[in-house]
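Only one structure is covered here, and it is reproduced in the block below.
Please treat every number below as a calculation from the coordinates, not as lab data. Predicted, not measured: the structure shown is a model, and the values here were computed from it. Quick reminder, even Gly has a Cβ in these numbers, built from the backbone with ideal geometry, and neighbours come from all protein chains shown.
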Amino acid sequence: MKRIAILGFSLESNAFAPPCKRWDFEQRGYYRGAEITELARKEPSPLYNGIRGFYAVMDEKYGVDGWEPVPVTHAASQPAGPVEEGFFNELLAEFEAGLKAAGTLDGVYIAEHGGATATHTHDPDGEVFALVRRCVGPAVAVVASLDLHCNISEVMMDSADILIGYRENPHVDIYERGAEAATLMDEMLTTGVKPTAYRVRLPLVAPSVTQLTAEGHPYGDLIRLGQTKLDDRVMNISIVSGFAFADTPKNGMTVIVTTRNDPEHAKALAIELAKAGWAEHERYQTNMMALDAAVAKAKAVGADAVLPSLLFADPADNPGGGGRGNTTYILKAFLEAGVHGAVFAVFYDPALVEQAQAAGEGGTFRARMNTQETANYSDPLEWDARVVRLHDGEFVGRHGMVAGKSVSLGDTAILALDGITLIVITKRQQCLSTDFIEELGLDVVGARSIVVKSRGHFRAGFQHLFPPERIIEVDVPGLTSPNLANFDWKGLPRPVYPLDPETTWTPPV
Ligand SMILES: [Zn+2]
């Protein structure tokens with residue numbers, strides 16, 4: 001019976017955000033042992049979808065009792081700053097103890113994000129991968145799934161047999177990539193095939209909002225080109241765009257081709273795809289709207305119910321990239337301009353929720369924002385508010401990346417601030433779908449404008465109501481601003497496009 005260990009560390013680190021620690025993982029998702037297996041087979045489940053996809057394939061192939069999962073630990077945080085060294089070392093020790101106690105294994109599935117940094121190293125993901133390989137030895141199959149916002153190190157390449165990156169942004173294929181990890185691992189175990197991988201990294205650190213994979217976007221075009229090259233020789237092609245804000249020397253769009261023991265073909269194909277990617281590098285351009293123009297648009301649709309409603313995104317304060325989810329640039333501008341019919345979903349401020357709870361449903365109070373927040377850009381703001389509703393913030397999603405998943409916003413307060421509805425939450429996260437509004441009893445279709453703090457994942461969960469032409473990315477400051485020139489970079493390999501517009505690249509020989 002095949003015995004497969006399952007573990008992973010999932011964090012996307014923004015070098016400009018405050019460090020994160022055990023609490024951040026415990027709040028989002030820290031699971032151990034049998035609980036992982038239980039949640040992997042349950043629906044809905046809060047567990048990482050890749051693990052659920054992995055179990056589904058193995059259960060399908062062998063039956064629930066025909067293989068033996070050996071779940072160790074899966075620790076996932078909301079994207080944040082670098083992980084603190086002390087906690088990270090405790091987590092490594094937990095992985096090590098679990099693998100040592102596991103006995104003889106056939107494989108290890110690492111469900112990793114791949115975009116982490118730590119306070120002591122730019123490559124904690126590499127430390128996880130190296131630890132796994134050290135514990136299980138060279139003969140055991142090690143397969144990892146990774147977010148396409150991962151930054152790949154040499155250690156990660158050397159320690160795992162197969163690295164599988166997402167192919168969709170928004171990430172609606174996490175489950176499928178976990179399933180693919182199981183399929184390819186099973187192929188290794190049953191046929192004995194030896195995967196051989198080659199990777200090429202480009203000097204291209206694309207702004208987050210330019211990495212969409214829909215039709216007409218350069219990154220999606222490149223990924224689709226890659227998928228046309230799959231054949232009997234090629235196990236997997238992953239093209240990961242990386243996470244700029246990690247600010248590491250391993251940043252840069254990376255092509256990884258894994259073949260069935262055909263290293264020369266892996267290399268030739270990886271270089272071919274990297275050349276195709278570089279040929280289009282000038283297409284990675286942002287297209288954001290200035291705040292005053294966005295305010296004018298919101299005001300216009302708020303005043304005229306015949307105009308189609310608009311969806312405004314604040315990609316610079318995206319909790320999905322380490323943003324705090326509570327900057328007030330757009331909110332303040334909308335309030336001061338007297339915008340009507342706008343819904344802000346969602347705003348992270350536990351202290352403000354406490355104020356609302358004290359006022360009670362229907363109560364009025366002076367809402368004071370960001371009284372407890374210390375991060376840059378999260379400025380205080382005060383406004384008169386009425387408590388429309390208090391909610392436990394628990395629901396099961398129906399759209400986009402949370403379809404079929406249980407979601408917890410923590411205690412939630414819905415406030416009315418003049419013509420604006422503000423949804424205030426206590427668990428920091430981005431708004432991923434219309435569920436984040438509807439499930440709280442609010443009207444999405446009737447809203448004249450909606451403002452989300454999200455870089456792009458919201459698109460999958462709003463596409464049934466908002467086509468791309470009614471989505472506006474607003475250019476305001478923040479920890480995740482797509483204007484990369486706003487930041488003091490320390491780790492990125494330079495020169496790099498588009499920060500250094502004259503960057504050139506020479507393919508490996
Ligand atoms: Zn991602």
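Across 5 Å bins from the origin, how do the percents of Cα pairs in segment 1-192 run, short distances first?
So the P(r) values, bin by bin, are 1, 8, 18, 23, 22, 16, 8, 3, 1, 0.
Using alpha-carbon positions, what is the distance between the centroids of segment 276-334 and segment 1-59, in Å?
Here the answer is 31 Å between Cα centres.
If you take the square roots of the eigenvalues of the alpha-carbon gyration tensor of the chain and sort them as a ≥ b ≥ c, do you get rounded (a/c under 1.5), prolate (a/b over b/c) or oblate?
Prolate is the answer for the chain, as a/c is 1.5 or above and a/b outweighs b/c.
Mind pulling the angle between the C-alpha long axis of helix 85-101 and the longest principal axis of the chain? Nearest 10 degrees, somewhere in 0 to 90.
40
For segment 380-473, which trypsin sites (Lys or Arg not before Pro) pass both filters: DSSP loop (anything but H, G, I, E, B) and at most 16 other C-beta atoms within 10 Å?
398
Between the helical axis of 291-303 and the dominant principal axis of the chain, each derived from Cα atoms, what acute angle in degrees is found, rounded to the nearest 10?
The angle comes out at about 60 degrees.
Rounded, prolate or oblate: pick one for segment 289-481, where a ≥ b ≥ c are the square roots of the eigenvalues of its C-alpha gyration tensor, a/c under 1.5 means rounded, and failing that, prolate if a/b is larger than b/c, else oblate.
Verdict is rounded for segment 289-481.
Dipole of segment 288-446, Cα-centred, from +1 at each Lys and Arg C-beta and -1 at each Asp and Glu C-beta, to the nearest 20 debye?
180
Give the residue list of GluC sites (Glu not before Pro) in segment 404-509 that are DSSP loop and have at most 11 other beta-carbon atoms within 10 angstrom.
Answer in residue order: 502.
Pick out, from 456, 422, 390, the residue whose Cα sits farthest towards the positive end of the charge dipole of segment 289-481, with +1 on the Cβ of Lys and Arg and -1 on the Cβ of Asp and Glu.
456
Given segment 1-58, report the % of alpha carbon pairs whose separation exceeds 13 Å.
Everything past 13 Å amounts to 67 percent.
Among DSSP bridges having both ends in segment 1-192, what percentage is antiparallel? Round to the nearest 5.
15
Based only on other Cβ atoms within 10 Å, what is the fewest-to-most ordering of 248, 286?
Ranking 248, 286 by Cβ neighbours within 10 Å, fewest first, gives 286, 248.
Which percent, nearest 5, of DSSP beta bridges in the chain are antiparallel?
In the chain, DSSP labels about 45 percent of beta bridges as antiparallel.
Applying the Karplus parametrisation 6.51 cos²θ - 1.76 cosθ + 1.60 with θ = phi - 60° to the phi angles of segment 322-338, what ³J(HN,Hα) value in whole Hz is obtained for each residue in order, glycine and proline being reported as x?
Whole-Hz 3J(HN,Hα) from phi for segment 322-338: x, x, 7, x, 8, 6, 10, 4, 6, 4, 4, 5, 5, 4, 5, 8, x.
Computed over the Cα atoms, what is the radius of gyration of segment 208-353 divided by 2.2 N^0.38 Å, N being its residue count?
1.45
Could you give the dipole magnitude of the chain about its Cα centre, charging the beta-carbon of Lys and Arg +1 and that of Asp and Glu -1, in debye to the nearest 20?
300
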